[in-house]
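Have a look at the structure below, then the notes.
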């Protein structure tokens, strides 16, 4: 566990503050031989089929990349332990119950949720409600 990271699920949920990051983001896939060094991506993952990038929609369009998923980026501003059990399941289930898909990136200090752009405000409200509900338990 990293210093100050929270692993207790009720505390994670009640401390969670969902913050909408500015902009429109995109998931794209590029071939393995693509030079990604100059691209201002948020995330990169190498798969057998190619390289998945998460970057601003404007950059994706500028480079002629096919946008696979147009999304909003919501950061969960609680220092979650990477070994915490049930956190991702709790917030993804709450979003799923509202018919909102999510793609999650767990980073060293926070979790980041990418939701369909047109459902961003609904997702934000759902996450705020989940945190408020956990605070009353």
Quiz item: What ranking of 111, 81, 22 emerges when the number of other C-beta atoms within 10 Å of each C-beta is taken as an exposure proxy, fewest first?
Solution: 22, 81, 111
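Work out, step by step, the length gained on full extension between residue 3 and residue 89: first 0.36 nm times the residue separation, then minus their alpha carbon distance; give nm to one decimal.
Working: separation 86, 0.36 × 86 = 30.96 nm, distance 2.31 nm.
Taking 0.36 nm per residue and subtracting the Cα distance, the gain is 28.6 nm.
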Quiz item: In deg cm²/dmol and to the nearest 500, what is the mean residue ellipticity at 222 nm of the chain if only DSSP H runs of at least 4 residues count, each as -39500 (n - 2.57), divided by the residue total?
Solution: -8500 deg cm²/dmol
Quiz item: Can you give the convex hull volume of the alpha carbon atoms of the stretch 76-116 per residue, in Å³?
Solution: 59 Å³
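Please compute one quarter of the surface area of the Cα convex hull for the stretch 10-61 and express it in square nanometres. Intermediate values should be presented prior to the final figure.
Working: hull surface 21.1 nm².
For the stretch 10-61, averaging the hull's shadow over all directions gives 5.3 nm².
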Self-check item: Gain upon complete extension [residue 22, residue 136; 0.36 nm per residue less C-alpha separation]
Solution: 38.0 nm
Quiz item: For the chain, modelled as a GNM with alpha-carbon contacts under 10 angstrom, which of 106, 38, 123 fluctuates the most?
Solution: 38
Self-check item: Fraction in percent of alpha-carbon pairs per bin - 5 Å, the chain
Solution: 2, 10, 19, 20, 18, 14, 10, 5, 2, 0, 0
Quiz item: To the nearest 10 degrees, how steeply does helix 87-97 sit against the main Cα axis of the chain, on a 0 to 90 scale?
Solution: 80 degrees
Quiz item: Which order do 41, 25 fall in if you start with the one that has the fewest other Cβ atoms within 10 Å?
Solution: 41, 25
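Would you work out if the stretch 37-86 is rounded, prolate or oblate? Take a ≥ b ≥ c from the square roots of the eigenvalues of the alpha-carbon gyration tensor; rounded if a/c is under 1.5, else prolate when a/b is larger than b/c, oblate otherwise. Provide the component values of the computation, followed by the final result.
Numbers: a/c = 2.41, a/b = 1.73, b/c = 1.39.
Taking the square roots of the gyration eigenvalues as a ≥ b ≥ c, the stretch 37-86 is prolate.
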Exercise. Going by C-beta contacts inside 10 Å, put 75, 80 in order with the fewest on the left.
Key: 75, 80
Quiz prompt | Degrees, to the nearest 10: 120-135 long Cα axis against longest axis of the chain | solution = 30 degrees
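Each value in this text was obtained by applying a stated rule to the coordinates, not by laboratory testing. All figures in this text were calculated on a predicted structure; none of them were measured in a lab. Please note: Cβ atoms are built from the backbone with ideal geometry, for glycine as well, and neighbour counts cover all protein chains shown.
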